[in-house]
1. On a 22 Å Cα-Cα criterion, which of the cross-link pairs Lys21/Lys110; Lys21/Lys64; Lys18/Lys56 come out too long?
2. Given axes a ≥ b ≥ c from the Cα gyration tensor, I'd like to know whether the range 5-87 is rounded (a/c under 1.5), prolate (a/b larger than b/c) or oblate.
3. Sorted by accessible area with a 1.4 angstrom probe, largest first, how do Leu104, Leu97, Leu79 fall?
4. How big is the accessible area of Asp49 in square angstrom, nearest 10, if you roll a 1.4 angstrom probe over the protein chains?
5. What is the distance, in nm, between label points placed 7 Å from the Cα along the Cα-to-Cβ direction at Thr45 and at Asp22?
6. Show the residues, 5+ positions off or on another chain, whose built amide H is closer than 5 Å to the amide H of Val61.
7. Using 0.36 nm times the number of residues separating Ser54 and Asn68, minus their current alpha carbon distance, what extension gain do you get?
8. Output ³J(HN,Hα) for the range 41-57: one whole-Hz value per residue in order, computed from phi by the Karplus curve 6.51 cos²θ - 1.76 cosθ + 1.60 with θ = phi - 60°, and x for Gly and Pro.
Amino acid sequence: MENLGLVSIIMPVYNAEKYVKDAIESVLAQTYPYFELIVVNDGSTDRSDEVIRSFKDKRIVYIKHEKNLGVAEARNTALRIAKGKWGAVIDADDVWLKERLEKLIPIIAKNENFFVGDDHIICFDSPMGLKRWESQLRLFHNKIFLIQK
């Protein structure tokens, strides 16, 4: 695959020990290999730090705020050190399909005036793990359709 530019992926983390491992693994599994993952632990008081530090991948840049400054400041911290041509944001309780960047980067590389947004699946937590609920795009479509009826 041709290198279309480095992607700086920003992941703010606050008390996400239950989900952050899956989020990081989904980024590391990307089929588009030209990325840096900037994880900003925003003063977590749970075991998030331990989970994040268990990863030994050179593409991960880890920053830890000593106290919680909020998600906006965590993202700004990451933006200040980002080296990529492109930027992407993932929350610590999200997971990506492995082809996400491989499919999205060529689209924006053709015309840099694009902002690419995509759909996501909404899940809920259960004693047996995350359960799929619905696509946000589908929920939005259904809401608009019902309002217009």
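The values are calculated or read from the model by the stated rules, or taken from the named source; none is laboratory data. Note that the coordinates shown come from a computational prediction; the quantities given were computed from them, not determined experimentally. Virtual Cβ from ideal backbone geometry, glycine too; neighbours counted across all protein chains shown. What goes into the accessible areas is simple: the full protein's heavy atoms, side chains included, and nothing from ligands, DNA or RNA. Shrake-Rupley method; radii C 1.70, N 1.55, O 1.52, S 1.80 Å.
1. Working: Lys21/Lys110 33 Å; Lys21/Lys64 16 Å; Lys18/Lys56 19 Å.
In this structure, Lys21/Lys110 exceed 22 Å between Cα atoms.
2. oblate
3. On the way: Leu104 35, Leu97 135, Leu79 100 Å².
Putting Leu104, Leu97, Leu79 in descending order of accessible area: Leu97, Leu79, Leu104.
4. Only protein atoms counted, so the area is about 40 Å².
5. 2.5
6. For Val61, whose amide H was placed from the backbone, the distant partners under 5 Å are Leu37, Ile38, Val39.
7. 2.9 nm
8. 7, 8, x, 4, 10, 9, 8, 4, 4, 4, 5, 5, 5, 6, 7, 10, 9
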